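Chemist: One structure, pasted below without further comment.
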Amino acid sequence: MSEPERRGGARTGRRAKGGAGHEPGKRAGSAGLWQVAALGAVAMALAALLGEGQLSVFILLGLAAIVTVGVSLLMGYAGQVSLGQAAFYAVGGYTAALLGVHGRPPLLGLVAAPLAAAAFAVVIGVPLLRLRGHHLAFATLATQLILLSLAGEIDALGGSIGLQGVPRLSAGPVELAGDRGYAFLTWAALIVVLLVTRNVIESRAGRGLRALATSEVAAESAGVPVGRYKLAVFTLSAAFAGLAGGVYAFYVGYVAPGSFPVLLSIEYVVMAVVGGLGTLWGPLAGATAVTLLVQVLNNVGTMEGMPDYAPSVLSYAVYSVLLIAVVLFLPGGLVPAVRDRLRRPPAARPAAAPAGDVTGPAGRAPESRHEAPR
């Protein structure tokens, strides 16, 4: 073969390889969009069909999923551990409540909630993100404890009593008066958060985050701006939590330090781990499993004859048992386990021998029962 023909063949092979590598990525991206769109359709249908008694659980499930998406993005993709995500939830809730009780438009409070949480994350993230591993985890936990202590002492935030009389969310003449409207709002916000997270994951920054989670030194040597990426994902996850906190404040109409306990941060981490860290759908799966299970146990704990501390004890038991079970039996979480099971090829079955074939499995005729022993 001549030299031009060899070069042409090589170029053709490279084009074929490049096309084969690019097309699946496009298909995967479009598949992700269709999955998010399908979730949105199902969520809107459930919001319209569920009864009044079920809508409150549906709303709290959506709010927990919004925060857990940020936790999964932070821990699963950036490798940064946070045990104080409820602090940003509280910042968003207090921001929306403050603006609401002082006569500002509620829609302005909802917009300001994620922005305030993101700004708070930038302020504390610059020093905290110099820490790693359990040092960062304990630092975020301490941040939440300090924040709740300050909220309980500041009169402008209502002190330990909190802020009451937060108005219903409204935009002009439209007001969300019932649970059904908040269900639509909560799950619409979750769809937006999932779309933003999907775009981040599939972008160049997402690839840098995955490299950062594997090894910060290797990522930095490859040109990834480690410090900037860590602060960006920390801020984005805080904005998600702040958005959920804003919706929560308008939905409940009341915020106080007791509305954002440390147990809430632990709950978000458990949800992310149970569903699967570093996955798009893991936070939703984990939030669904934990929320429904805790709801069932709360009903059991409030039955007649049960002690007052039964609901909280059962909640702690659920988190510990679920976390241990997932670590032991499903190390990657629910979503990766189900995905691997669906992608696993079926076990090869031995082909049946033809009717006239009398050979054994090794291709040798079976020994006659009268055959002399060897």
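Chemist: Given the condition on the phi < 0 side of the Ramachandran plot, in a loop (DSSP other than H, G, I, E, B), open to solvent by 100 Å² or more (accessible area, probe 1.4 Å) and modelled with pLDDT of 50 or more, answer yes or no: does some residue in the stretch 326-334 qualify?
Modeler: In the first step, residues of the stretch 326-334 are kept if they are on the phi < 0 side of the Ramachandran plot; the result is 326-332, 334.
After this cut, where a residue has to be in a loop (DSSP other than H, G, I, E, B) as well, the list is 330-332.
Next cut, open to solvent by 100 Å² or more (accessible area, probe 1.4 Å) only: 331.
Checking which are modelled with pLDDT of 50 or more leaves us with 331.
Yes, because at least one residue in the stretch 326-334 is on the phi < 0 side of the Ramachandran plot, in a loop (DSSP other than H, G, I, E, B), open to solvent by 100 Å² or more (accessible area, probe 1.4 Å) and modelled with pLDDT of 50 or more.
Chemist: Please find, among L145, L129, L163, the residue that is open to solvent by 80 Å² or more (accessible area, probe 1.4 Å), of a type in the set (A, V, I, L, M) and touching a Gly at 6+ places or on another chain (Cβ under 9 Å). Walk me through how you get there before you give the answer.
Modeler: Details: L129 fails: open to solvent by 80 Å² or more (accessible area, probe 1.4 Å); L163 fails: open to solvent by 80 Å² or more (accessible area, probe 1.4 Å).
Checking each option against the conditions leaves just L145.
Chemist: Another question, if that's okay. I'm told A151 meets every condition in (1) touching a Pro at 6+ places or on another chain (Cβ under 7 Å); (2) open to solvent by 20 Å² or more (accessible area, probe 1.4 Å) except one. Can you identify the failing condition by its number?
Modeler: (2)
Chemist: Name the one entry in L74, L63, L107, L83 that is at pLDDT 90 or above, part of a helix (DSSP H, G or I) and surrounded by fewer than 23 Cβ atoms within 10 Å (Cβ to Cβ). I'd like the intermediate steps shown before the answer.
Modeler: Details: L74 fails: surrounded by fewer than 23 Cβ atoms within 10 Å (Cβ to Cβ); L63 fails: surrounded by fewer than 23 Cβ atoms within 10 Å (Cβ to Cβ); L83 fails: part of a helix (DSSP H, G or I).
On inspection, the qualifying residue turns out to be L107.
Chemist: For the stretch 277-299, which positions are over 17 Å from I66 (Cβ atoms) and small (G, A, S)?
Modeler: G278
Chemist: A follow-up question, please. Restricting to the stretch 292-317, and then to whatever is open to solvent by less than 20 Å² (accessible area, probe 1.4 Å) and not aliphatic (A, V, I, L, M), can you tell me which residue is farthest from the chain's Cα centre (by Cα)?
Modeler: Filtering first and then ranking leaves G301.
Chemist: Can I ask one more? Just for helices (runs of 4 or more DSSP H) wholly inside the stretch 183-266: which have at least 2 residues that are surrounded by fewer than 21 Cβ atoms within 10 Å (Cβ to Cβ) and touching a residue at least 12 places away in the same chain (Cβ under 8 Å)?
Modeler: Details: elements: 204-214, 216-221, 226-252.
Here the list reads 204-214, 226-252.
Chemist: I would also like to ask the following. Might you check whether a residue that is more than 27 Å from G206 (Cα to Cα) and among the acidic types (D, E) occurs anywhere in the stretch 256-279?
Modeler: no
Chemist: Scanning for something over 18 Å from L55 (Cα atoms) and open to solvent by less than 40 Å² (accessible area, probe 1.4 Å), does the stretch 173-181 turn up at least one residue?
Modeler: Step one: filter the stretch 173-181 for residues over 18 Å from L55 (Cα atoms), giving 173-174.
Checking which are open to solvent by less than 40 Å² (accessible area, probe 1.4 Å) leaves us with none.
No, there is no match, as no residue in the stretch 173-181 is over 18 Å from L55 (Cα atoms) and open to solvent by less than 40 Å² (accessible area, probe 1.4 Å).
Chemist: Pairs needed: first member in the stretch 126-143, more than 16 Å from A232 (Cα to Cα) and at pLDDT 95 or above; second member anywhere, open to solvent by 70 Å² or more (accessible area, probe 1.4 Å) and in a helix (DSSP H, G or I); C-beta distance under 9 Å; at least 6 residues apart or different chains.
Modeler: The qualifying pairs are A139/P127.
The values are calculated or read from the model by the stated rules, or taken from the named source; none is laboratory data. Note that the structure is a prediction, hence the values are computed from the model and not measured. Cβ: placed from backbone, ideal geometry, glycine included. Neighbour counts: every protein chain shown. For accessibility, only protein heavy atoms count, side chains too; no ligands or nucleic acids. Shrake-Rupley method; radii C 1.70, N 1.55, O 1.52, S 1.80 Å.
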